[in-house]
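To keep things clear, I will list the structure first and then write my remarks on it.
The values are calculated or read from the model by the stated rules, or taken from the named source; none is laboratory data. The structure displayed is predicted, hence computed values, not measured ones. With ideal geometry, Cβ positions are generated from the backbone for all residues, glycine too; neighbour counts draw on all protein chains shown.
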C-alpha cells in the first residue's frame, strides 16, 4: 500500500497544480469569467475585493494581492477580511504553488468555504498521511458537516467545482485507508459530473481508483 500511495502522489501532484489553472493558469493570462449570479451571493462585497478577483481573472496576481491588501488596511468587516485573505491565498497559489497560499487560507477558512477548499488542495499537494487527514477534516467535517452529499458552490471563481471537491475528498479518504468512504465520494463526484472524461476530475478519479484496487 505504501508503494502504491507514493506512485499515486507522483500522479496527483501536478493534477492539484492544474486545478488552479482553471482561472488562468500559473503566471498566465486568464480567460475565465465569473457571474455573481452563480454560487453563493457575495454579502457586503468590497470594491477592492471585486477588483482583486478581476485581476486574478486576468492573470494579474501581484495586482490582485495589492487590491486585497487595500481591504485589509481599511478597517474591514470580518467577512471582507476573510474575502481578502482568501483572495491573497488564491493569488499566491497561482503565482507559485498551492502551499504558498496556506497562511492566508488558514486566516480565512472559518468564514470562507473557498479558503477551506484551497487549503485542502494545498494539503493534498503536501501529501503526507496527516495532510490527508486535514483534507478530510476541512472538506468532510468543516465544509460538508459530515454529509457525504454536501454541496460546494464557490463564492469566487476559484476554478474548483463541487464535483472536484468530492473527488479531492475521495482521494484523501483512499490515502488514509477509508476505502468505503472513498468509493462513496468517487461515485458522487462522477454523478455530479457524468461528462468528466478528459477533465482534471478524470485524472483524480483514476488515481483514486488506483489506490482502491
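Quickly run through region 147-164 and pick out the residues that are in a helix (DSSP H, G or I) and either farther than 19 Å from residue 118 by Cα or free of Cβ contacts under 8 Å to residues at least 60 places away in the same chain (or both).
Hits for region 147-164 are 162, 163.
Checked against the criterion of being in contact with a helix residue (DSSP H, G or I) (Cβ under 6 Å, 6 or more places away or on another chain) and either under 17 Å from residue 162 (Cβ atoms) or outside any helix (DSSP H, G or I) (or both), region 177-184 has no qualifying residue. Within region 164-185, is there a residue that is surrounded by 22 or more Cβ atoms within 10 Å (Cβ to Cβ) and more than 14 Å from residue 135 (Cα to Cα)? The answer is no; no qualifying residue exists.
Is it true that residue 37 is closer than 30 Å to residue 129 by Cβ and either in a helix (DSSP H, G or I) or at pLDDT below 95 (or both)? Answer is no for this residue.
Taking the condition within 30 Å of residue 55 (Cα to Cα), touching a residue at least 24 places away in the same chain (Cβ under 8 Å) and out of contact with any strand residue (DSSP E or B) (no Cβ under 6 Å at 6 or more places or on another chain), does residue 167 pass?
Numbers: within 30 Å of residue 55 (Cα to Cα): yes; touching a residue at least 24 places away in the same chain (Cβ under 8 Å): yes; out of contact with any strand residue (DSSP E or B) (no Cβ under 6 Å at 6 or more places or on another chain): yes.
It is true that residue 167 is within 30 Å of residue 55 (Cα to Cα), touching a residue at least 24 places away in the same chain (Cβ under 8 Å) and out of contact with any strand residue (DSSP E or B) (no Cβ under 6 Å at 6 or more places or on another chain).
Here is a yes/no grid of residues against (1) surrounded by 24 or more Cβ atoms within 10 Å (Cβ to Cβ); (2) assigned to a helix (DSSP H, G or I):
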site	(1), (2)
110	no, no
117	yes, yes
120	yes, yes
123	yes, yes
131	no, yes
145	no, no
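Which of the residues that make up region 189-206 are assigned to a loop (DSSP other than H, G, I, E, B), within 18 Å of the chain's Cα centre (by Cα) and within 18 Å of residue 151 (Cα to Cα)? Can you show your working first?
If we filter region 189-206 for residues that are assigned to a loop (DSSP other than H, G, I, E, B), which is where we start, we get 193-199.
Cutting the leftovers down to within 18 Å of the chain's Cα centre (by Cα) gives us 193, 196, 199.
Within region 189-206, 193, 196 meet the criteria.
Taken over region 87-101, the criterion of being surrounded by fewer than 22 Cβ atoms within 10 Å (Cβ to Cβ) and either at pLDDT 90 or above or assigned to a helix (DSSP H, G or I) (or both) is satisfied by 95, 99, 100.
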